[in-house]
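Student: Dumping the structure here so I can ask a few things about it.
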Amino acid sequence: MKVFRVTGEIRKPNLNTPFAKELIALKPEHAVERVYAEIGSKHRVKRYQIRIYAVEEVPLENVANPLLRKLAGGD
């Protein structure tokens, strides 16, 4: 399993909110789908209101979330 960092922006009519989310996935496409599902569910926005700017694989030593680091196989 790999850790990906997805960065983007939630574009609501009167407010743009930037976000960066780290998650575990096999491929970048799976990470993007998961971000659409989680952010859409939490913030009640449609997929067209979410703009994704970058999807990058993060080395285990640079993962910010300790739980993700442990799940991905790090110490």
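The values are calculated or read from the model by the stated rules, or taken from the named source; none is laboratory data. Keep in mind that this is a model prediction, so the values were computed, not measured. Cβ: placed from backbone, ideal geometry, glycine included. Neighbour counts: every protein chain shown.
Student: Taking VAL3 and the conditions (1) under 11 Å from the mean Cα position of the chain (by Cα); (2) free of Cβ contacts under 8 Å to residues at least 12 places away in the same chain, which numbered condition does it fall short on, given that it satisfies the others?
Tutor: (2)
Student: Give the residues of the stretch 13-30 that are surrounded by 12 or more Cβ atoms within 10 Å (Cβ to Cβ), of a type outside the set (A, V, I, L, M, F, W, C) and in a strand (DSSP E or B), sorted by residue number.
Tutor: Listed by number, the residues that qualify are THR17, LYS21, GLU22.
Student: Something else about it: If you check every pair at least six apart or on different chains, which have Cβ atoms under 6 Å apart with a residue in the stretch 34-56 that is modelled with pLDDT of 95 or more first and a residue that is surrounded by 13 or more Cβ atoms within 10 Å (Cβ to Cβ) and polar (S, T, N, Q) second?
Tutor: Every condition considered, the pairs that remain are TYR53/THR7; ALA54/THR7.
Student: Also, I was wondering about something else. Just give me the residues in the stretch 31-69 being assigned to a helix (DSSP H, G or I) and over 16 Å from ARG5 (Cα atoms), in sequence order. Let's see the steps before the verdict.
Tutor: Applying the first criterion (assigned to a helix (DSSP H, G or I)) to the stretch 31-69 yields 31-43, 47-49, 60-62, 66-69.
Within the stretch 31-69, GLY40, SER41, LYS42, HIS43, ARG47, TYR48, GLN49 meet the criteria.
Student: LYS70 - would you say it is over 12 Å from the mean Cα position of the chain (by Cα) and exposed (fewer than 11 other Cβ atoms within 10 Å of the Cβ)?
Tutor: For LYS70, the condition - over 12 Å from the mean Cα position of the chain (by Cα) and exposed (fewer than 11 other Cβ atoms within 10 Å of the Cβ) - is not met.
Student: Could you please find all residues in the stretch 43-62 being out of contact with any Phe, Trp or Tyr (no Cβ under 8 Å at 6 or more places or on another chain) and among the β-branched types (Val, Ile, Thr)?
Tutor: Hits for the stretch 43-62 are VAL45, ILE52.
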